[in-house]
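Trainee: Have a look at the structure that comes next, please.
The values are calculated or read from the model by the stated rules, or taken from the named source; none is laboratory data. In this text, all values refer to a predicted model and were calculated from it rather than measured experimentally. Cβ coordinates were reconstructed from backbone atoms using ideal geometry, including for glycine residues, and neighbour counts include every protein chain displayed. Surface accessibility is based on the protein's heavy atoms, side chains included, excluding ligands, DNA and RNA. Shrake-Rupley method; radii C 1.70, N 1.55, O 1.52, S 1.80 Å.
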Amino acid sequence: MVNREEVEEQLHQIVEVMLGEAGVRDYQRPMQTLLGQSGPFEYQPPNEHDSKASFQAELKLVKDLLRHLLALQGLLGVAASQADSSVEAVRMRVNIDYKLFRNAPRAFIRNPVDLVRKNIADSGGFNILGPVLADYQAALADRLTELKNQQEKFWNLKGRAPDHYARVIALHLARLYSSHTGRFPTLGTSGITGDPSTAYSRALKAVFSTLQIETRVRGPASWALNQLTEADLVRPKSQYPGTLPRGISLGH
């Protein structure tokens, strides 16, 4: 895929042609953000993995890391609890702290990693390791929750899974069309060529090409049109810089 700016410019041009064909003459592109131009709609994939195999590989890795991490934390907890009563535990702790101190960067701190290693060693590495591993465990647990949610949504479906990315894009474009024209888009194909024959379906085919979605238009478009409601026909109100939405006050 080309870079983000080029993708968003192409999407804007497609939308402008689509709305122009539908009779809309006052379409304005969203205001640029600090990060640059934004697209006419959200176009990032809803799922992170290109295949079920890729998803399962990360899921297994996260589970394995958590399992081994919990085992290590258990052993460290035992060692810490014995530090005041076991000569062997005290000896091990003192030696580990000394070796961490000896091996940490000293003369030249070249990067943030060197500084962190030095600070850990200076603070007593054995004591620091527990909280660091706890933070790492919490991060892995959060990631595991995310992956399980994705598993239910994208990868546990019976039969051939629908192309969620194509469906989401088709719905975003359909809602944009509806809100700016005040009517629902239609789906049609040419009886001669089989190509899309309405402003919406032609635009969707062009959007799929820009985003490198290798899916036919009809399936995702039919699904998207069935999701539309009367609320999608309401045109969003413009918000101008320096103003607050109606009914919102900062008070005194």
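Trainee: Within the stretch 135-162, take every residue that is of a type outside the set (S, T, N, Q), closer than 24 Å to GLU214 by Cβ and open to solvent by 60 Å² or more (accessible area, probe 1.4 Å) and give me the one that is modelled with the highest pLDDT.
Mentor: Residues of the stretch 135-162 that are of a type outside the set (S, T, N, Q), as a first pass: 135-136, 138-144, 146-148, 152-155, 157-162.
Among the residues that remain, those that are also closer than 24 Å to GLU214 by Cβ are: 153-155, 157-162.
From what is left, the residues that are open to solvent by 60 Å² or more (accessible area, probe 1.4 Å) are 153, 157-160.
Working: LYS153: 76, LEU157: 68, LYS158: 69, GLY159: 59, ARG160: 58.
Of everything passing the filter in the stretch 135-162, LYS153 is modelled with the highest pLDDT.
Trainee: Run down ARG102, ARG91, ARG110 and say which single residue is charged (D, E, K, R), within 39 Å of the chain's Cα centre (by Cα), open to solvent by 90 Å² or more (accessible area, probe 1.4 Å) and over 25 Å from GLN137 (Cβ atoms). Spell out the reasoning first.
Mentor: Values: ARG102 fails: within 39 Å of the chain's Cα centre (by Cα); ARG91 fails: within 39 Å of the chain's Cα centre (by Cα).
Answer to the check: ARG110.
Trainee: Take the residues in the stretch 68-82 that are surrounded by 15 or more Cβ atoms within 10 Å (Cβ to Cβ) and without any contact (Cβ under 8 Å) to a residue 60 or more places away in the chain; name whichever of them is farthest from ILE128 (Cα to Cα).
Mentor: GLN82
Trainee: Something else about it: Got a sec? Which of ARG183, ARG175, ARG117 is open to solvent by 80 Å² or more (accessible area, probe 1.4 Å), without any contact (Cβ under 8 Å) to a residue 24 or more places away in the chain and either touching a helix residue (DSSP H, G or I) at 6+ places or on another chain (Cβ under 8 Å) or not hydrophobic (A, V, I, L, M, F, W, C) (or both)?
Mentor: Working: ARG183 fails: without any contact (Cβ under 8 Å) to a residue 24 or more places away in the chain; ARG175 fails: without any contact (Cβ under 8 Å) to a residue 24 or more places away in the chain.
Of ARG183, ARG175, ARG117, the one residue that is open to solvent by 80 Å² or more (accessible area, probe 1.4 Å), without any contact (Cβ under 8 Å) to a residue 24 or more places away in the chain and either touching a helix residue (DSSP H, G or I) at 6+ places or on another chain (Cβ under 8 Å) or not hydrophobic (A, V, I, L, M, F, W, C) (or both) is ARG117.
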